[in-house]
Amino acid sequence: SKSQLTYSARATSHPNPLARRLFEVAEAKKSNVTVSADVTTTKELLDLADRLGPYIAVIKTHIDILSDFSEETITGLKALAAKHNFLIFEDRKFIDIGNTVQKQYHQGTLRISEWSHIINCSVLPGEGIVEALAQTAQAPDFPYGSDRGLLILAEMTSKGSLATGAYTSASVDYARKYHSFVLGFVSTRALSEVESSVAPADGEDFVVFTTGVNLSSKGDKLGQQYQTPQSAIDRGADFIIAGRGIYAAPDPVEAAKQYQQQGWEAYLARVGG
Ligand code: 6AU
């Protein structure tokens, strides 16, 4: 695994342009924080993105929970991503047959391909979902070129998650098979040791996003389970995702700075800085 290397080193050697950009953003901003901005109006979303923008590497959206999604949502998000140098990750969790997910990704009301650099999917439907999303994003007439990538949801943080064992192994298999489009995983740990039937490419470097990160809570009443930034990074997270720990804090800006600092210190300790 490449988790002992600095983001800069990984940016230099990574074959995927979006992964390089992700590492460059992290290094430039000294932040491995993804804020999960799970608010329900465009105003709240754009307001959070603007206030937290300086302290985060990525903003993660659930665009379908907005009550007022419109052109303004897209324009606003894109402008703030440029202003603050962060990437956008729409947490749509595609999970269907290839023909359906292609339309959900690249067409439809939400126009996800147009504004979201990073998307994620479950491999419950099998290899075809990854193949279908890669095919859309790598088509010669796809307008957003190599500026798009996929994370495979290899594990889940909720109590009793069934995303374990053979499911997690298959996640690694398909990531390896479609590594030109798959950036990495949403998982609770690095997966380089997971048994897989596909051999890793030379210099394989999947990016690990770990969610369920919260400094002041162990979980919620609906089965969410939390760990701290430090423990997530010790287990191999490259980017930590925090939602309520940041946006529902009394002062979200202060909270974002705190997660940024703790995430960065844990990263520096891991790479021996
Ligand atoms: O920090 P929270 O608990 O307020 O929010 C966690 C965010 C939510 C979930 O939809 C998402 O992370 N999530 C995911 C993702 C990112 O795919 C996977 C998972 O296993 N658990 C989880 O909470 O927006």
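The values are calculated or read from the model by the stated rules, or taken from the named source; none is laboratory data. Owing to the predicted nature of the structure, the values given are computational and were not obtained by experimental measurement. Cβ: placed from backbone, ideal geometry, glycine included. Neighbour counts: every protein chain shown. Ligands, DNA and RNA are stripped out before the accessible areas are found, and what is left, the full protein with its side chains, is counted by its heavy atoms. Shrake-Rupley method; radii C 1.70, N 1.55, O 1.52, S 1.80 Å.
List of remarks:
- Residue match in the range 3-17 (condition: of a type in the set (K, R) and open to solvent by 10 Å² or more (accessible area, probe 1.4 Å)): no
- Within the range 259-273, the residues that satisfy the criterion of being open to solvent by 10 Å² or more (accessible area, probe 1.4 Å), more than 16 Å from the ligand (Cβ to nearest atom) and of a type outside the set (A, V, I, L, M) are Q261, W264, E265, R270, G272, G273.
- Hey, Q102 in contact with a Ser or Thr (Cβ under 8 Å, 6 or more places away or on another chain) and open to solvent by 50 Å² or more (accessible area, probe 1.4 Å) or not: no
- Filter result (more than 16 Å from R270 (Cβ to Cβ), of a type in the set (S, T, N, Q) and within 12 Å of the ligand (Cβ to nearest atom)) within the range 191-230: T211, N214, S216, S217, Q224, Q225
Here's the yes/no breakdown for (1) under 14 Å from the mean Cα position of the chain (by Cα); (2) acidic (D, E):
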| site | (1), (2) |
| --- | --- |
| L5 | no, no |
| K30 | no, no |
| V39 | no, no |
| L48 | no, no |
| I56 | yes, no |
| T61 | yes, no |
| S70 | no, no |
| L87 | yes, no |
| D91 | yes, yes |
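- So S187, is it within 16 Å of the ligand (Cβ to nearest atom), open to solvent by less than 10 Å² (accessible area, probe 1.4 Å), polar (S, T, N, Q) and closer than 21 Å to A26 by Cβ: yes
- Matching residues, the range 24-77, being under 13 Å from I240 (Cα atoms) and β-branched (V, I, T): V33, T34, V35, I56, V58, I59
- If you go through the range 213-228 and keep only what is among the β-branched types (V, I, T) and in a loop (DSSP other than H, G, I, E, B), you end up with just T228.
- Residue in the range 249-258 that is within 11 Å of the ligand (Cβ to nearest atom), surrounded by fewer than 22 Cβ atoms within 10 Å (Cβ to Cβ) and in a helix (DSSP H, G or I) present: no
- Unique residue being touching a Phe, Trp or Tyr at 6+ places or on another chain (Cβ under 7 Å), in contact (Cβ under 8 Å) with a residue 60 or more places away in the chain and more than 15 Å from the ligand (Cβ to nearest atom) when the list is A26, A57: A26
- Residue among F94, F86 that is open to solvent by less than 50 Å² (accessible area, probe 1.4 Å) and within 22 Å of D47 (Cβ to Cβ): F86
- Scope the range 90-119; condition within 16 Å of the ligand (Cβ to nearest atom) and of a type in the set (F, W, Y); matching residues: F94, Y105
- Failed item in (1) of a type in the set (S, T, N, Q); (2) out of contact with any Pro (no Cβ under 9 Å at 6 or more places or on another chain); (3) crowded, with 20+ Cβ neighbours inside 10 Å; (4) under 24 Å from I74 (Cβ atoms), with S171 passing the rest: (4)
- Evaluation of S67 against the conditions (1) surrounded by 14 or more Cβ atoms within 10 Å (Cβ to Cβ); (2) touching a residue at least 24 places away in the same chain (Cβ under 8 Å) shows that the sole unmet condition is (1).
- Among the candidates D173, D147, the residue that is more than 15 Å from the ligand (Cβ to nearest atom) and in contact with a Lys or Arg (Cβ under 9 Å, 6 or more places away or on another chain) is uniquely D147.
- Total residues in the range 229-248, condition crowded, with 18+ Cβ neighbours inside 10 Å, among the acidic types (D, E) and either free of Cβ contacts under 8 Å to residues at least 60 places away in the same chain or in a strand (DSSP E or B) (or both): 0
- Residue in the range 190-228 that is farthest from A26 (Cα to Cα), counting only those that are open to solvent by less than 30 Å² (accessible area, probe 1.4 Å) and of a type in the set (S, T, N, Q): N214
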